[in-house]
Amino acid sequence: MLAIVDAADLDLVVYRYPSDWVEHFGDLARRRANVIHADTVVYYRRLVAPVSARTDRTTHSGRWRLAGGGDQPAVAALVRACFAGYRNHYAAAPGLATVDVVEGYVEWALSHLDSEDGLLVIELDANDQAIAFAAVGLGDDPEIALAAVHPSRRGAGVYHDLLDVVAEELSDRGCSHVWISTQVHNSTPIRAWTRSEFTFEFAVQTVHLWRAGPPSMPTR
């Protein structure tokens with residue numbers, strides 16, 4: 001891995017490894033001076049019941065549908081509202097303080113619109129305003145890449161319904177499970193996952209490997 005990093009023309013490589021490799025960071029730090037531990041990410045998985053075995057759920061709090069290309073402005077605005085102020089691993093390096101992480105989330109969510117490899121589920125309120133979304137990557141190992149509820153609608157069970165709707169949609173598509181992940185400090189959605197039939201599976205560590213040290217931070 002380090003040989004690949006050395007051969008790449010990159011100032012920064014974001015690298016993740018299993019948390020049970022407890023000696024790995026020390027090994028990296030001995031080999032490379034410019035290594036920063038950035039965060040811990042936890043992964044949860046939910047089994048998706050086959051359509052034939054699924055009980056009918058009638059408690060969804062809103063009107064759900066798959067988003068399309070015409071929903072791009074509404075989804076972008078929703079993502080900006082949901083992730084304003086959210087801190088992820090980029091906050092670990094002072095030199096990345098100016099990175100617009102929220103716009104990265106917007107781009108990530110919108111990449112699931114009209115995609116063969118993904119889908120985006122949204123809930124609309126009575127005024128046809130998007131108030132919740134889930135961007136889901138499909139394939140053999142489906143994963144909820146991003147999911148959130150507008151701050152004004154949190155605490156009313158919308159997020160729980162969002163997870164159920166995604167599970168039902170994946171069940172209809174013949175999937176057997178779905179993954180979801182977040183930084184370990186993000187306790188509110190983690191509690192929601194455990195109430196929504198997700199179970200903890202594993203964790204990974206995130207490190208930043210810099211070519212010559214992050215901007216505005218002296219090299220060790």
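The values are calculated or read from the model by the stated rules, or taken from the named source; none is laboratory data. None of these values were measured; they are calculated from a predicted model. All Cβ positions, even for glycine, are placed from backbone atoms using ideal geometry, and neighbour counts span all protein chains on display.
What the table shows:
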| quantity | calculated |
| --- | --- |
| Odd one out for residue 192 among (1) assigned to a helix (DSSP H, G or I); (2) aliphatic (A, V, I, L, M); (3) buried (at least 20 other Cβ atoms within 10 Å of the Cβ) | (3) |
| Some residue of the stretch 210-217 being surrounded by fewer than 13 Cβ atoms within 10 Å (Cβ to Cβ), in contact with a helix residue (DSSP H, G or I) (Cβ under 9 Å, 6 or more places away or on another chain) and either at pLDDT 95 or above or assigned to a loop (DSSP other than H, G, I, E, B) (or both) | yes |
| The stretch 136-189, subset hydrophobic (A, V, I, L, M, F, W, C) and in a helix (DSSP H, G or I), residue farthest from residue 45 (Cα to Cα) | 158 |
| Residue list for the stretch 1-22, restricted to those being within 24 Å of residue 184 (Cα to Cα), among the acidic types (Asp, Glu) and at pLDDT below 95 | none |
| Answer residue from the stretch 164-183, given it is under 16 Å from the mean Cα position of the chain (by Cα) and under 12 Å from residue 137 (Cα atoms) and is surrounded by the fewest Cβ atoms within 10 Å (Cβ to Cβ) among those | 179 |
| Every pair of residues 6+ apart whose Cβ atoms lie under 8 Å, when the first sits in the stretch 28-46 and is within 15 Å of residue 206 (Cβ to Cβ) while the second is assigned to a strand (DSSP E or B) and among the basic types (Lys, Arg) | 41/16 |
| Lone unmet requirement of (1) surrounded by 16 or more Cβ atoms within 10 Å (Cβ to Cβ); (2) in a loop (DSSP other than H, G, I, E, B); (3) modelled with pLDDT under 85; (4) not aliphatic (A, V, I, L, M) for residue 112 | (3) |
